[in-house]
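For reference, the structure is listed below as structure tokens.
None of the figures in this text is laboratory data; all of them are computed from the coordinates on show. Treat the numbers as computed from the prediction; the structure is a model and nothing was measured. Note that each Cβ is placed from the backbone with ideal geometry, even for glycine, and that neighbours are counted across all protein chains shown.
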């Protein structure tokens, strides 16, 4: 979303153009030589340049009006193209040029002047979040390009939503709450999915009689259908640790995965809630609908400072965890507090699945040599630098083992852990759990 | 608003190269009659001409190309980039103008030749202006009268230069001084 402010009057700083400065140089140099060397032909050499500078003294506006507007819709997603509209007023007779000096994570494209007098400055936001687009640099030129006026205006702020990860197949629990929805449940009901045939009993609807089965068995047989239920999904987004390169860090991947999972389940008319596990624990209770999608995105995007401090929270909030909910955890699993919370969730009987977004390791340092190479160097050449490298390599191996142990312990508890690299669709790592219903105890 | 475009026209760029070379040659030749300092000034003028052409070419190449953030550049590339940026910031055309005029003044008085050099320099500046702004030649149509008046003043100055010393060249010198003050006034920040 790009917000636009009211039209504003901005002061212009005027100065001679590059062309005019060269003419001035020629004129002054020629005249000075004419005076100093007493050679009047140099004054004649300077005369045309001097005359060409005369129009530079024409009137120039001290301020101009700058109107900004958003050229696209109210939503902006990572990588999506948006446009800022700029109109300069009060500068009749001057050529105007507008350039966008892009801020970090904003890629500006060349602007064009439309027939309606509005400059269109396209840009792309390369990372989610609320961030300034940059600065608009306006340059005004007179007819002969002898003077140029400059002014800078802050461009609007962009609200960029994370690019949701693709997820088309969904993990569905075997036992669903008794709320109408779109997932076929195990119990018979009024859905559309055929589940079996049973004997007719008085009171059944006659239109559901299965005549071929009735003919075969000799008694009236009835088609039965699976009930369709909605699922309650709670996304636990762990942004307490942010490691890796900006743009593809664990927090970036967690936010994109959470947005993708939320959008996918909301599209299936499920009830979706979100727990943000960052510096503070904030949550939205499960609900369905488009407004819930907006609420989830706003919670992801903004850090309002409310919520409980994560170190003051001993358990995940019960209000955000209705019984029978599927808990989808998006986490790099670097927080032991979260790992303990997952164990507790499992003990409470929640069906939980973890999407592991840890895609980077601690750097050991530039010029890392392998352990084998270090051994070949032997003790004599083992300098302090190599010792430090070896210790760092050892620490990394210990770290890897710790991470493997955390994942192994979660799997032993019955919490599947799948790894997502941030590039592919989420369907790929979740495939083993989307083919059939996930068993839960609720 | 459409008279100036963002493109660099090749004919104007070629004219810049030709006129810069012509100005240096016109000011330098003949070298045998020039003062002792003419050779170093000629070298400086040639360097400035090359610098201005390279600066223009750099602007043409850099137009529309995205410049990577410096922090991401390797050290050697970053140093080269900074050196090029520093070189490109030098006002080569102004230095060329001064060097050519100094070279011309190191020669004996030759009024017609000097005014011709002035026209070449003016052509160079206008061609450079057209090449940088991407404007077409017809944008200068409105300035033709001023250029013609300037050329007429040049012809008058040639006449003054041909006069023997003391025969009216004194008041012409005074006029030149007043004009220098006006030019300095125009050069003040506006």
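Summary table below
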{"read-out": "Mean separation of Cα contacts under 8 Å, 6 or more apart, over the residue count of the range A:1-118: relative contact order %", "value": "28"}
{"read-out": "Stretchable slack from residue A:209 to residue A:188, in nm (0.36 nm times residue separation minus alpha-carbon distance)", "value": "6.0 nm"}
{"read-out": "Relative contact order of the range A:85-129, pairs being alpha-carbon contacts under 8 Å that are 6 or more residues apart, as %", "value": "40"}
{"read-out": "Residue order, fewest to most surrounding Cβ atoms within 10 angstrom, among A:265, A:161", "value": "A:161, A:265"}
{"read-out": "Gaussian network model of chain A, springs between alpha carbon atoms under 10 Å - residue of A:271, A:150, A:397 with greatest fluctuation", "value": "A:397"}
{"read-out": "At R0 = 22 Å, FRET efficiency that the Cβ-Cβ distance of residue A:112 and residue A:63 yields, to 0.05", "value": "0.30"}
{"read-out": "Selected from A:297, A:391, A:237 as most flexible by GNM, with chain A as the system and alpha-carbon contacts under 10 Å", "value": "A:391"}
{"read-out": "Chain A, relative contact order in percent, only Cα pairs under 8 angstrom and at least six apart counted", "value": "13"}
{"read-out": "Computed E for residue A:77/residue A:319 - FRET, C-beta separation, R0 30 angstrom, nearest 0.05", "value": "0.50"}
{"read-out": "Candidates A:197, A:417, A:98: whichever shows maximal mean-square fluctuation once chain A is modelled as a Gaussian network with Cα springs under 10 Å", "value": "A:197"}
{"read-out": "Virtual spin-label span in nm between residue B:116 and residue B:144, 7 Å along Cα→Cβ", "value": "2.4"}
{"read-out": "Residue B:136 versus residue A:152: modelled label distance in nm, points set 7 Å from Cα along the beta carbon direction", "value": "3.7"}
{"read-out": "Chain A: angle of helix A:384-412 to the longest principal axis, Cα-based, in degrees nearest 10", "value": "40"}
{"read-out": "Acute angle (nearest 10 degrees) that the helix A:41-52 long axis makes with the longest principal axis of chain A, alpha-carbon atoms", "value": "40"}
{"read-out": "Contour minus Cα-Cα distance for residue A:198 and residue A:287 (0.36 nm per residue)", "value": "28.4 nm"}
{"read-out": "Residue A:13 versus residue B:29: modelled label distance in nm, points set 7 Å from Cα along the beta carbon direction", "value": "4.6"}
{"read-out": "Per-pair calculated FRET efficiency, R0 = 60 Å: residue A:401 and residue A:36 via Cβ, rounded to 0.05", "value": "0.10"}
